[in-house]
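Note sheet for the following structure.
The values are calculated or read from the model by the stated rules, or taken from the named source; none is laboratory data. Since the structure is predicted, the reported quantities are computational estimates derived from the model, not experimental observations. Cβ placement follows ideal geometry from the backbone for every residue including glycine, while neighbour counts extend to all protein chains displayed.
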Amino acid sequence: MANYFVTGATGFIGRHLLGELLKREDATIYALVREESRDRLQSGARIRPVIGDLSEERLGIEGFDEPIDHFFHLAAIYDLAADEDAMTRANVEGTRHVVEFANSIDVGRFHHTSSIAVAGRFKGTFREDMFDEGQDLPHAYHRSKYESEQVVRSELRGSLRIYRPGIVVGDSQTGETDKIDGPYYGFKLIQKLRYALPQWFPLAGPEGQNMPLVPVDFVARAMDHIAHMEDGDLYGNTFHLVGTEQLSFGQVINEFARAAHAPELAMRVDSKITNAIPKPVRMGLRAFPPLARARRTLMSDLGIPEGAMEIRDFRCEFDARDTHRALEGTGIEVPPLADYAAKLWDYWERNLDPDLHRERSLAHSIEGKRILITGASSGIGREVALKIGEAGGTVMLVSRTREKLEEVKREVEERGGTAHVHPADLSEIADIERMANEVVEEHGGIDILVNNAGRSIRRSVKYQYDRFHDFERTMQLNYFGALRLILTFLPGMRERKSGHIINISSYSVQMNTPRFSAYAASKAALDQFSRCLAAEVVDKNIFLTTVYMPLVRTPMIAPTDFYKTLPALEPEEAAQLVTDAMIDKPKRVAKRLGTTAQVLYSLNPKVTDQLAHTIYRLFPEKDPKKKEEERRAREEGRELAEGDGQISSEATALAYLMRGVYF
C-alpha cells in the first residue's frame, strides 16, 4: 500500500500524473483542493480530497496524520497575464507553505515540479546539476520558478527529487491540452497565413533559439517512473524532462505550419544578425510610444500576451543525460515533433482557437446598427441586404431605381429585417449629397457603410487614347461617389466614437491587372484614402475594411463572354465575405491569388509584369471598332470571320489551373 499527496491535481500535468499513479493498484492519492474547486477533482475511491489553500500557512490543513510515501508538488500559476505579485504569492510563497506542511508530516520522498525556466537567459549548456549560475531571469515566471525551487532546496527536510519539464504541449496521442503556451501563441498567425497565402509560398522569419517542447503524456510518465526508482539507480536528484531533439523556434514554427498546411519559413534569420543592433538602441525602439502601441496592437490581434516573447525560447541547450539514463529501456521518450504536430494543431483548431469561443453571429454584430448599402438592387449588394434581413438587421438600400429597391425591401422584410429605400444616382455628386443628408435627417446617421456600387471597364489603354471619359466615369462612381458618402457620415461616427466603413475593392488592384487601368485606379484611390483615414480615426473606434473582391458572377461581368470560362464566386458567396467583415472588422479581406500577386510584385515587380503580360496575351480582346463593326454586321444579317476575340484553349486551361490558388 502506497500513499501519495499531490498538489495541483486538477491542473494540466497533475491530471495526467494522477492517471499514471492510479495505474498502480496499491495507490491511495490525497489531493489538495480548494473547496470551490472540489468538483474539478477526478473522482474515484482511491482519490481522497484534502481541503486546503496554497495561500495559507501549512496550507490551512489541520489534523492530517497519514504517512505519505511520495509527495508531489505541481501547483503553480502559469498565466502571462497575471501580475508579478500574484505569481510570486502562488509560486514562491505557495511553495513555502507546501514545504512547511510536508515538513510537519511523515513524508518519504518529496517531488518538486520546477521548470527549465530556471535557466533564464543562460548561454551554453545548462546541466541538470546546475541551478544558481548568475543567470538573467527576464520574466516574472522565470523568477518565480527559480525562487520556488530555491525554497525547496533550502527549506525541505528529507529526500528530494526535482523535475524540470520543457515547454509542455498537448498529449502526443490525442493532441488534447488545456494549456496555451509556447508555440500555441503562434497558431493564430499560422492560421491567418494559411488563409492568405498558398502553402508553397516562401516566407522569411526568425530562426530564434532553442525551444524544447515536450508532450504532457511524456512528462507524466517520466515523473511517475523516476519517482519510484531507488536512489542507487540514479546519478542525481534533478531531471531535465526534455528530448534529444531540441529544435529552434523557426524549426518548431515550420513543423506546425506543415501540420496546418500553411506557408513555411523558407528563410530563417539568425538572431546574431538582429543582435548586431546595440541593445540600448533595440530597447529604446521598443519603448518608443508609437512603436510600442503598434506592437501591442499586433500582439493583441494575434492573442499573444505581452510577456510571451520573453519566454519564447532559450539561449542554452539543456543537458538531460541523467533523465535519459533513468528512462533507458522503458520506452518513455519524447517523440519527434513531426510525429504529433498535426494532432496538436487539430486539437487547437477544433477546441481552443479563440474565434471558436467568440460571439460571431451576424445578428449579434449588427444588433441595433443602421447599415447603408450602395448598389443594393442587384448582385452583391442585394445578397448582403438579404443576409442582414435574415439576421434581423436594419438596412438602408441605395441604387438608382426605386422599383428594384422596393422589391429588395420586400425580400428583406420577408426574412425578418427592416429596410428603408433611398434611391440616388451615385454618379452625380449633388444627388449623393441629397440622399446622404436625407438619411441623416430620417435615421440620425448610419453605423455601417458598405460602398458596394461600382462601374467596371475592361479595355486596354491602347484603345482608350481618345476615351478619356472611361477614366472620368469610373473615378466618379467608384471613388468620388464613395468618398462623398464617407465624408457625410464620418462626422456622426466620430461623434459617437463608433463606426465601420466597408469598401468593396477588387483583386485587380492587387494584381495590376491589364485592361483594368481605369477600374483598378479608381478602386486604388479609395483604398489609399481609406488607409490614410484609418490612421486618423484609430482612436475613435472607427474601423475601415477593404474587401478585395475576386471575380463574381453578377450582371456587371455578364457582357464579357470569356469570363464564363473563369472560376468565380457566386453573389451569395461574395456577400458572405462582406457580412463576415461586419463580424470580424478586419483591415482587409483578400483571396490567395490577389495576396500572392501583391507579395510577388513587392519582391520582383519586373517578373510580375512579365507574368501579367503573358496572361494579357493569352486573353486577347477585340478592338472596340471591330466589335462595333460586328454588331452592325449582325444587324444586317452578315457574318464576319472571328479574329483576336476568340479565347484560346490554353487560356481556358490556365484559368482552371489557377483555381487552387484563386480560392
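Among the residues making up the range 391-407, those that are surrounded by fewer than 24 Cβ atoms within 10 Å (Cβ to Cβ) and among the β-branched types (Val, Ile, Thr) are 394, 401.
Only residues that are among the aliphatic types (A, V, I, L, M), surrounded by 22 or more Cβ atoms within 10 Å (Cβ to Cβ) and under 32 Å from the mean Cα position of the chain (by Cα) were counted in the range 464-502, giving 4.
Residues that are at positive phi, buried (at least 19 other Cβ atoms within 10 Å of the Cβ), touching a residue at least 60 places away in the same chain (Cβ under 8 Å) and assigned by TED's automatic domain parsing to the domain that holds residue 320 do occur in the range 160-175, at least one of them.
Taking the range 344-461 and the strands (runs of 3 or more DSSP E) fully enclosed by it, the elements with 2 or more residues that are touching a Lys or Arg at 6+ places or on another chain (Cβ under 7 Å) are at 394-398, 418-421.
Please work out if residue 144 is crowded, with 17+ Cβ neighbours inside 10 Å, more than 29 Å from the chain's Cα centre (by Cα) and under 18 Å from residue 74 (Cβ atoms). Considered against the rule, which asks whether it is crowded, with 17+ Cβ neighbours inside 10 Å, more than 29 Å from the chain's Cα centre (by Cα) and under 18 Å from residue 74 (Cβ atoms), residue 144 comes out as yes.
Among the residues examined, residue 151 qualifies as in contact with a Lys or Arg (Cβ under 6 Å, 6 or more places away or on another chain), farther than 25 Å from residue 248 by Cβ, in contact (Cβ under 8 Å) with a residue 24 or more places away in the chain and crowded, with 16+ Cβ neighbours inside 10 Å. Tell me, yes or no, whether the range 168-190 has at least one residue that is over 30 Å from residue 10 (Cβ atoms) and not β-branched (Val, Ile, Thr). Within the range 168-190, one or more residues are over 30 Å from residue 10 (Cβ atoms) and not β-branched (Val, Ile, Thr).
Taking residues in the range 529-550 that are in contact (Cβ under 8 Å) with a residue 24 or more places away in the chain, and partners anywhere that are of a type in the set (Phe, Trp, Tyr) and assigned to a helix (DSSP H, G or I), the pairs with Cβ atoms closer than 6 Å and at least 6 places apart or on different chains are 548/507; 550/507. Just one of the numbered conditions (1) modelled with pLDDT under 95; (2) surrounded by 19 or more Cβ atoms within 10 Å (Cβ to Cβ) is not true of residue 181: (2).
Yes or no: the range 113-126 includes at least one residue that is surrounded by fewer than 21 Cβ atoms within 10 Å (Cβ to Cβ), in contact with a helix residue (DSSP H, G or I) (Cβ under 6 Å, 6 or more places away or on another chain) and in the same structural domain as residue 13 (by TED's automatic domain parsing). For the range 113-126, residues surrounded by fewer than 21 Cβ atoms within 10 Å (Cβ to Cβ), in contact with a helix residue (DSSP H, G or I) (Cβ under 6 Å, 6 or more places away or on another chain) and in the same structural domain as residue 13 (by TED's automatic domain parsing): absent. It is to be established whether one or more residues within the range 74-86 are in contact with a helix residue (DSSP H, G or I) (Cβ under 9 Å, 6 or more places away or on another chain), modelled with pLDDT of 95 or more and either within 24 Å of residue 325 (Cβ to Cβ) or buried (at least 19 other Cβ atoms within 10 Å of the Cβ) (or both). Yes, some residue in the range 74-86 is in contact with a helix residue (DSSP H, G or I) (Cβ under 9 Å, 6 or more places away or on another chain), modelled with pLDDT of 95 or more and either within 24 Å of residue 325 (Cβ to Cβ) or buried (at least 19 other Cβ atoms within 10 Å of the Cβ) (or both). In the range 509-522, the residues that are surrounded by fewer than 24 Cβ atoms within 10 Å (Cβ to Cβ) form Cβ pairs under 8 Å with partners that are modelled with pLDDT of 85 or more and among the polar types (S, T, N, Q), at six or more places apart or across chains, as follows: 516/506; 521/474. State yes or no: is residue 259 more than 26 Å from residue 322 (Cα to Cα), buried (at least 18 other Cβ atoms within 10 Å of the Cβ), outside the structural domain of residue 592 (by TED's automatic domain parsing) and small (Gly, Ala, Ser)? The answer is yes for residue 259. Among the residues of the range 460-478, those that are over 21 Å from residue 526 (Cα atoms) and among the basic types (Lys, Arg) comprise 462, 467.
Yes/no per residue for (1) in contact with a strand residue (DSSP E or B) (Cβ under 9 Å, 6 or more places away or on another chain); (2) part of a loop (DSSP other than H, G, I, E, B):
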{"site": "102", "(1), (2)": "yes, no"}
{"site": "112", "(1), (2)": "yes, no"}
{"site": "121", "(1), (2)": "yes, yes"}
{"site": "130", "(1), (2)": "yes, yes"}
{"site": "143", "(1), (2)": "no, no"}
{"site": "147", "(1), (2)": "no, no"}
{"site": "178", "(1), (2)": "no, yes"}
{"site": "183", "(1), (2)": "yes, no"}
{"site": "188", "(1), (2)": "no, no"}
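The set of residues in the range 149-176 being out of contact with any helix residue (DSSP H, G or I) (no Cβ under 7 Å at 6 or more places or on another chain) and not in a helix (DSSP H, G or I) consists of 158, 159. Candidates in the range 427-463 are the residues that are among the acidic types (Asp, Glu) and free of Cβ contacts under 8 Å to residues at least 40 places away in the same chain; of these, the one that is surrounded by the fewest Cβ atoms within 10 Å (Cβ to Cβ) is 441. Of all residues in the range 1-57, those satisfying the criterion of being of a type in the set (S, T, N, Q), free of Cβ contacts under 8 Å to residues at least 60 places away in the same chain and either outside the structural domain of residue 225 (by TED's automatic domain parsing) or closer than 23 Å to residue 99 by Cα (or both) are 10, 28, 37, 55. When the residues of the range 56-73 are filtered to those that are in contact with a helix residue (DSSP H, G or I) (Cβ under 9 Å, 6 or more places away or on another chain) and assigned to a loop (DSSP other than H, G, I, E, B), which remaining residue is nearest to residue 90 (Cα to Cα)? So the residue we want is 56. Are any residues in the range 83-128 of a type in the set (Asp, Glu) and in contact with a Pro (Cβ under 8 Å, 6 or more places away or on another chain), and if so, which ones? Hit for the range 83-128 is 106, nothing else.
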